[in-house]
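Below you'll find the structure, written out as structure tokens, and then a few comments.
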Amino acid sequence: IAKSPADGTPRRPVLSVSARKIKDNAADWHNLMVKWERLNDNGFTTANKIVNMKISEQLQDNKLEIACDNSAAESEKPTPKYNQELDNCCAELLETLKHMTKIQLKMEKLTSTTKAICDLETFHHGAGNCRAPFFHTWPTPYFYDVSLKLSEMYKKELQLKQTIVQEIAHSADQDLMMVYLSSWLYQPYIENSSKLLLEAMLLETGHRQC
């Protein structure tokens with residue numbers, strides 16, 4: 001399928017199968033990262049509700065301990081409705097994590113596909129032969145390097161989120177709960193360079209214009 005001049009260099013007006021796949025992968029990376037951020041925002045909202053309910057529950061327990069003896073406090077646990085709300089939020093956060101896990105697996109698949117394209121190009125043209133870039137300046141292996149960097153960031157971040165989901169509803173330490181919340185929101189394993197890498201890949205493949 002012929003493409004417009006903006007989609008490739010004048011030297012290569014029709015993209016090869018490998019080039020087209022790499023261009024599609026770049027678009028997929030963009031879409032997956034946008035979906036991840038949306039899920040991250042939703043997850044933070046849910047996690048924040050969980051923490052607020054836990055803190056409120058602790059305050060209620062403290063008031064009961066002050067007003068009554070321990071035996072009386074034991075008989076006045078928070079109402080089932082309140083606990084049900086907490087359970088619902090925990091289930092919602094777990095569901096968000098499942099969606100994020102699927103996204104991260106798709107990112108790994110994109111990286112594997114890019115590696116396969118690099119291997120195919122090497123097989124056809126030889127490891128030592130310097131050949132023209134698919135698009136502007138990037139050699140083919142650089143697409144794999146960028147994909148691998150991004151994939152590793154999201155893999156580590158997912159592992160952190162798995163820990164947060166497992167622990168946040170069971171923690172009684174308010175400071176620790178706030179650390180969990182902050183970690184979820186600011187995603188320490190996803191470096192600032194991730195956006196730059198994505199934008200550079202979109203620019204190289206013609207999805208972005210200079």
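The values are calculated or read from the model by the stated rules, or taken from the named source; none is laboratory data. In this text the structure is predicted, and so the values were computed from the model without any measurement. Quick reminder, even Gly has a Cβ in these numbers, built from the backbone with ideal geometry, and neighbours come from all protein chains shown. For the accessible areas, the whole protein counts, side chains as well, though only heavy atoms, and no ligand, DNA or RNA atoms are used. Shrake-Rupley method; radii C 1.70, N 1.55, O 1.52, S 1.80 Å.
Has the range 192-199 got at least one residue that is of a type in the set (Lys, Arg), surrounded by fewer than 16 Cβ atoms within 10 Å (Cβ to Cβ) and either closer than 28 Å to Leu93 by Cβ or in contact with a Leu (Cβ under 7 Å, 6 or more places away or on another chain) (or both)?
yes
Just one of the numbered conditions (1) touching a Cys at 6+ places or on another chain (Cβ under 6 Å); (2) modelled with pLDDT of 90 or more is not true of Ala169; which one?
(2)
Any residue in the range 37-60 that's in contact (Cβ under 8 Å) with a residue 40 or more places away in the chain and in a helix (DSSP H, G or I): show its pairings with residues that are open to solvent by less than 30 Å² (accessible area, probe 1.4 Å) and among the charged types (D, E, K, R) at Cβ separation under 8 Å, as long as the two are six or more apart or on different chains.
Pairs that qualify, where the first residue is in contact (Cβ under 8 Å) with a residue 40 or more places away in the chain and in a helix (DSSP H, G or I) and the partner is open to solvent by less than 30 Å² (accessible area, probe 1.4 Å) and among the charged types (D, E, K, R), are Gly43/Lys161.
Cβ-Cβ distance below 9 Å, separation of 6 or more or different chains: which pairs start in the range 153-168 with a residue that is more than 22 Å from Asn88 (Cα to Cα) and end on one that is part of a helix (DSSP H, G or I) and of a type in the set (Phe, Trp, Tyr)?
What qualifies is Tyr154/Trp36; Glu157/Trp36.
Residues Thr9, Thr79: which one is at pLDDT below 95, β-branched (Val, Ile, Thr) and surrounded by 13 or more Cβ atoms within 10 Å (Cβ to Cβ)?
The unique qualifying residue is Thr9.
Please specify each residue of the range 121-166 satisfying the condition of being modelled with pLDDT under 90, open to solvent by 80 Å² or more (accessible area, probe 1.4 Å) and assigned to a helix (DSSP H, G or I).
Phe123, His124
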